[in-house]
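We did not get these values from a lab; they are worked out from the coordinates using the rules stated. The shown structure was predicted, so the numbers you read here are calculated from the model rather than taken from an experiment. Virtual Cβ from ideal backbone geometry, glycine too; neighbours counted across all protein chains shown.
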Amino acid sequence: MTLLVVAEDHDDIRMIMTRVLSRAGFTVVEAANGAVALEAVREHGPAAVVSDIDMPVMSGVDMCLAIRADPATRDLPVIFVSGSLTPGDDRPERAQATAVVTKPFTAHELVGCVRQLVGS
């Protein structure tokens, strides 16, 4: 099974993303913020990270920048899932995110984006 890290500070949304991705055949390691997600990336070596942008402790942007700064993880796909993006918001580009899925999302949208980047 393909391993993913899902970072989301809202328990209900994280649970939905985990359920959707698990039902699609992915193994999911959950994180409530970017710092925990970054630790999980270093510990588990996932195929991709699916992350909210706005989280306490460490934002998705800061987490993504840390992933990009590390030669061991710089090519790891990072998918931002956010409902807070407005036209002209350049945070995904600044963080070098691989893709963006807008909340609210459908299961088909989320799984399709992940599969496009990691296969499976």
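Numbers below:
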quantity: LEU3-MET15 pseudo-label distance in nm [points 7 Å out on the Cα-to-Cβ vector]; calculated: 2.5
quantity: 25 °C / 0.890 mPa s Stokes-Einstein diffusion coefficient of the chain, Kirkwood radius on C-alpha pairs, µm²/s; calculated: 178
quantity: Burial ranking of peptide ranges 17-24, 1-8, 104-111 (average Cβ count within 10 Å, highest at the top); calculated: 1-8, 17-24, 104-111
quantity: Electrostatic dipole magnitude of the stretch 3-118 [Cβ: Lys, Arg +1; Asp, Glu -1; Cα centre; debye, to 20]; calculated: 360
quantity: The chain - percent relative contact order, Cα under 8 Å, separation 6 or more; calculated: 23
quantity: Most fluctuating residue given options VAL50, VAL28, VAL78, as computed from a GNM of the chain linking Cα atoms under 10 Å; calculated: VAL28
quantity: Under the span-like rule (Cα at least 30 Å along the axis, Kyte-Doolittle mean at least 1.6), DSSP H helices of the chain; calculated: none
